[in-house]
Structures are given as C-alpha cells and as structure tokens.
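K.L.:
A single structure is presented below for examination.
The values are calculated or read from the model by the stated rules, or taken from the named source; none is laboratory data. Fair warning: this is a prediction, and the values are worked out from it, not measured in the lab. Here Cβ is always computed from backbone atoms with ideal geometry, including for glycine, and neighbour counts include all displayed protein chains.
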Amino acid sequence: MLAISLTQDPVNQEALSSFKAEMRQASSEAFTMDEVPTAQLIKGLEKDDSQIEQLSEDLEAVASEVGVSVSEGTVGDYIKARLEKFIGDNYEFIPEDLVSDVADRFMTGKGKIALRLKKMVSPEDYQKFRELDKVKTRVVQEAIIPLENIIQRLGVIIIDKLDLTLTASNQEDLLGFVKDARKAFESGFDFNLGPEDTKTLEGIRVALARLESNEDLFTKATEGIVFTHNNKTYKLTGLFTPINRLRGFFRSAMGREGFGKASLPGTDVDKPDMDSMLSEIIKHAVNRRIT
C-alpha cells in the first residue's frame, strides 16, 4: 500500500501502521448472517376493512378514467392507457397516430419510432420528441401518479401496523425536508441549478408531485416489506422510498452530503459537492506522484 500525503506534511507512519493492522484483523474475522427479520403485528386490524374498501373504490375510479377494468385488466394495461392519455394531453407535437407507439416505447424502452415521427412533424417538434425521449422514465412516473398514490396509501396502512427491525429515526427531518423543498419550488426558486439545468428541476417537480397527496401520512421511515403471494415475491413500500428519491436530487440536506446538484434556499452554494471533492483529491494525489 503506497501512502501519499495530500498536504505538505509527511505521511503519519504510526497512523498508517495502525490502519493496516485494523484492516488485516477485519479481513480475517469471521462473521455470520442472521435470518431475515420477520415483521410483527403491533396494531389491530379493526379499521382495515373500511380503509381497504375505500382503496378499492379509488382504484376502480382511477382505472375507469382510462377505460380499464380492475377485474379484467392488468397493471400494464393501466399504465399503457394512462400513458397514452397523458401524452395526448400534454405533448400535442406527437401525432395522434403515433401516441400508442410512443407510449409503448416509453414503457418498455424499446421500439424504433423516431424515423417515422421525423417524417410527420417539423424539425422543431422532432427535436422536442428527442429531448422528451431522454426523460421517458420521468414521463411514465408522472403519468401513473394516480395509481401510485393508492399504492402509497396501502403501504402506509400496512407498514404502520408492523414492528419493523430496520427503521430510521429521521422521519421528522425527512418530512421537513419535503415541506421545505415544496415551499421553495412553489415560490419559483430554481434550487441554485441555473437556467440550463431544466432536467433536474423537472425531476424535482415530478418527485414532489408523486408525494403531494400522501406526504402528511408519512409516519415511519422504512424502505418497506418483502412478502410472498402465490409463490411470487413482492416489495411494498410506503413513502420513505419516494422521499429518498427526492433527496437524491440534492447535494446537501438534513446535514448530510449527497451526489445531487440542487440545494435548498440558505445553503452554501459555493461549498463543493462530493464529486468535485473526490476529483480534486485524486487529481492532487496523481500530480504529487508524477512529480
């Protein structure tokens, strides 16, 4: 192991030797993996029937809006129908005859329609499509928010009644972060991104939209639960996951550094992000080794 000092001071050989010894010990220590923790029920289910009934009614309403039957259709059918409606309502530069094919491409990431579309629209509209195609995942996420809202509520109902082993303690900080981000966005704040970074700003907008209906239901900071039904494994999450996705757009929030570009009002925008700091450290180390 070659130690390179990143300052003018020489390498602390005593500290280096201690570090090496700890690493050798850690690499030779045996470890065990316990069984996956099983969630335990801690609350009664008296209110579940009425809550599930309401969720079922809401699901029927959401599906019927795009002509899909809950009893006969699939989640894929709903996403396709909802995406077609969303594209038709919001992106008029896409010809009606191609909306279904565009929806297929956005859902699956497959399907070569660019050449067909190029022959049917102006160069300006074709460029708009190319830019939209780069963020197709975000388009799908925004289109299916009505369904996601219902799944989030189901996750909250279940997770709130379970004693989960892996639960974070920063629930209030997370919720406060969401509120601060929403307030800043609604005030027109650009999160110190600059006019050229519309992609990140749009990502924040959609992330906030995905949380808007249910964020006040957030009571337990956990990734969710994994369960088996009809020999298939599923994961059900509440609101912790979409909140963390919003957090991912930011380089500093709740006292933690991240890898995003955005920052909330009042944060130190001149403070280098982690990517920049790592690049500088590596560059400095390489230069010292060369010279």
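K.L.:
Out of everything in segment 204-215 that is part of a helix (DSSP H, G or I) and touching a residue at least 24 places away in the same chain (Cβ under 8 Å), what residue ends up being farthest from the chain's Cα centre (by Cα)?
P.N.:
If we take residues in segment 204-215 being part of a helix (DSSP H, G or I) and touching a residue at least 24 places away in the same chain (Cβ under 8 Å), then Glu215 is farthest from the chain's Cα centre (by Cα).
K.L.:
Further, regarding this structure: Given the structure, is Phe177 farther than 24 Å from Gly155 by Cα and modelled with pLDDT of 90 or more?
P.N.:
So Phe177 does not fit the description; no.
K.L.:
Continuing with the same structure: When Gly255 is evaluated against the numbered criteria (1) of a type outside the set (A, V, I, L, M, F, W, C); (2) surrounded by fewer than 18 Cβ atoms within 10 Å (Cβ to Cβ); (3) touching a strand residue (DSSP E or B) at 6+ places or on another chain (Cβ under 7 Å); (4) at pLDDT below 85, which criterion, by number, is the only one it fails?
P.N.:
For Gly255, the failing item is (3).
K.L.:
Anything in segment 72-110 that is closer than 13 Å to Ala143 by Cβ and not in a helix (DSSP H, G or I)? List them, or say none.
P.N.:
Of everything in segment 72-110, just one residue is closer than 13 Å to Ala143 by Cβ and not in a helix (DSSP H, G or I), namely Tyr91.
K.L.:
Here are Lys128, Lys80: which of them is out of contact with any Asp or Glu (no Cβ under 7 Å at 6 or more places or on another chain), touching a residue at least 24 places away in the same chain (Cβ under 8 Å) and over 30 Å from Ile151 (Cβ atoms)?
P.N.:
Lys128
K.L.:
Still on this model: Can you say whether Val66 is aliphatic (A, V, I, L, M), in contact with a helix residue (DSSP H, G or I) (Cβ under 6 Å, 6 or more places away or on another chain), buried (at least 17 other Cβ atoms within 10 Å of the Cβ) and more than 24 Å from Gly238 (Cα to Cα), as far as the supplied structure shows?
P.N.:
Considered against the rule, which asks whether it is aliphatic (A, V, I, L, M), in contact with a helix residue (DSSP H, G or I) (Cβ under 6 Å, 6 or more places away or on another chain), buried (at least 17 other Cβ atoms within 10 Å of the Cβ) and more than 24 Å from Gly238 (Cα to Cα), Val66 comes out as yes.
K.L.:
Here are some conditions: (1) under 22 Å from Gly155 (Cβ atoms); (2) modelled with pLDDT of 70 or more. Ile42 meets all but one. Which one does it not meet?
P.N.:
(2)
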